[in-house]
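The values are calculated or read from the model by the stated rules, or taken from the named source; none is laboratory data. None of the values given here were measured: they were computed from a predicted structure. As a convention, Cβ positions derive from the backbone with ideal geometry for all residues, glycine included, and neighbour counts pool all protein chains shown.
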Amino acid sequence: MSEIMRIETIGQMVQLAGFRELKHPLVYTLDIQDFKIPNSFENVKLTTGFYSIFMKDANCAIQYGRNTYDFEEGVLSFFAPGQVTTINSESESKNGWALFFHPDLIRKSALGKNIDNFHFFSYDVHEALHLSKKEEDILNDCIKKIEFELEQNIDAHSQNLLISNIELLLNYCQRFYERQFHSRSDHHKDVVTTIEEEIKLYFEQNFQIDQGIPTTKYLADKVNLSPNYLGDMLKKETGKNTKEHINDFVVEKAKNLLLGSSNNVSEIAYELGFNYPHYFSRLFKQKTGVTPQKYRELNN
């Protein structure tokens, strides 16, 4: 396995890459034209200790996990601390920007408490956000406000204003992703059908006996999506995330087994892939309002 280069701080990145001076230790913006790849970074696996957002509108190949995405139009991609990326030497972009911010900046803020709700930081690169010109303009304005603050002398308001503008940018991205889900609705309906078929097939083949209930990652891999993107997309399309789709199927199957077999509740739980019957009983009551045994008694 190739070695992974770990870059802990934004200052370390700036020094290693030879970027312009750092004006704030926890926030940094960069014109994408200045994002030149130093020899030490070429085709090397990198992981950082900070959040990164890239807006690009030209060919710029970045590999994340198993996927490579060539940015040939205005798109936004997000990377959370600890994600492994590979930046290829042929990467080049003419317009756009990059924003980097360290978790320490937001740690004690409301954004710090809610940052995990911005699921797009764990989407795969091929699930990048495609922007309209109007959307680009809005985000560019957010970046200009952040850059304005970075140009000022640090005072009592600096941190709050930086955090507020980063949060504003992220909230717009959340809205724009919802628009993207809506605009791709026809394709996503096919994904919903595939997910439902894959859950059904999983139990028909009795995979749950050895492997347990299907995971969100298992289903996401089936449709070549990241677990968080799949969950958000399903929520937008159906009102239920991936786990809820799995649980609904399990409960419906459990109802059939409770009424169509003489197996006791524990045996049915194991047959459905639960290692512990009380987990099954808790899920069943949560979904139906009664225990499995009570459901059997009421319907026999």
Open item on the list: For the condition hydroxyl-bearing (Ser, Thr, Tyr) and within 19 Å of the chain's Cα centre (by Cα), what is the one hit in SER109, SER122?
Closed with: SER122
Open item on the list: Criterion first (modelled with pLDDT under 85 and surrounded by fewer than 17 Cβ atoms within 10 Å (Cβ to Cβ)) does LYS23 satisfy it?
Closed with: no
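Criterion first (free of Cβ contacts under 8 Å to residues at least 40 places away in the same chain and under 27 Å from the mean Cα position of the chain (by Cα)) does THR193 satisfy it?
So THR193 fits the description; yes.
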- [ ] For the stretch 262-269, indicate whether the set of residues that are among the small types (Gly, Ala, Ser) and over 30 Å from VAL191 (Cα atoms) is non-empty.
- [x] yes
Task: Residues within the stretch 125-160 that are part of a loop (DSSP other than H, G, I, E, B) and either farther than 16 Å from LYS56 by Cα or out of contact with any Leu (no Cβ under 7 Å at 6 or more places or on another chain) (or both), tallied - done: 7
TODO: Look through the stretch 213-226, keep the residues that are in a helix (DSSP H, G or I) and touching a residue at least 24 places away in the same chain (Cβ under 8 Å), and return whichever of them is farthest from TYR276 (Cα to Cα).
DONE: LYS222
Open item on the list: Take the residues in the stretch 29-80 that are exposed (fewer than 15 other Cβ atoms within 10 Å of the Cβ) and either among the β-branched types (Val, Ile, Thr) or modelled with pLDDT of 75 or more (or both); name whichever of them is nearest to LEU170 (Cα to Cα).
Closed with: ASP31
Task: Subset of the stretch 186-212 [under 18 Å from GLU127 (Cβ atoms) and loosely packed, with under 12 Cβ neighbours inside 10 Å] - done: ASP186, HIS187, ASP190
Task: Output for the stretch 102-134, where each listed residue is within 16 Å of PHE78 (Cα to Cα) and of a type in the set (Asp, Glu) - done: ASP116, ASP124, GLU127
Open item on the list: Criterion first (of a type in the set (A, V, I, L, M, F, W, C) and under 23 Å from the mean Cα position of the chain (by Cα)) does LEU257 satisfy it?
Closed with: no
Open item on the list: With the structure loaded, tell me whether ILE10 is in contact with a His (Cβ under 8 Å, 6 or more places away or on another chain) and modelled with pLDDT of 80 or more or whether it fails that test.
Closed with: yes
Task: Neighbours by Cβ (under 7 Å, 6+ apart or cross-chain): first from the stretch 161-184, in a helix (DSSP H, G or I); second of a type in the set (Lys, Arg) - done: ASN165/LYS145; GLU178/LYS236; PHE181/LYS236
Task: Extreme residue, modelled with the highest pLDDT, among residues of the stretch 86-108 that are farther than 21 Å from LEU22 by Cβ and either buried (at least 19 other Cβ atoms within 10 Å of the Cβ) or of a type outside the set (Asp, Glu) (or both) - done: LYS108
TODO: Quick one: count up the residues across the stretch 150-175 that are more than 19 Å from SER77 (Cα to Cα) and either in contact with a strand residue (DSSP E or B) (Cβ under 8 Å, 6 or more places away or on another chain) or not assigned by TED's automatic domain parsing to the domain that holds SER109 (or both).
DONE: 2
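Please work out if ASN160 is under 19 Å from ILE106 (Cα atoms), exposed (fewer than 15 other Cβ atoms within 10 Å of the Cβ) and under 17 Å from the mean Cα position of the chain (by Cα).
Working: under 19 Å from ILE106 (Cα atoms): yes; exposed (fewer than 15 other Cβ atoms within 10 Å of the Cβ): yes; under 17 Å from the mean Cα position of the chain (by Cα): no.
Against the criterion (under 19 Å from ILE106 (Cα atoms), exposed (fewer than 15 other Cβ atoms within 10 Å of the Cβ) and under 17 Å from the mean Cα position of the chain (by Cα)), ASN160 does not qualify.
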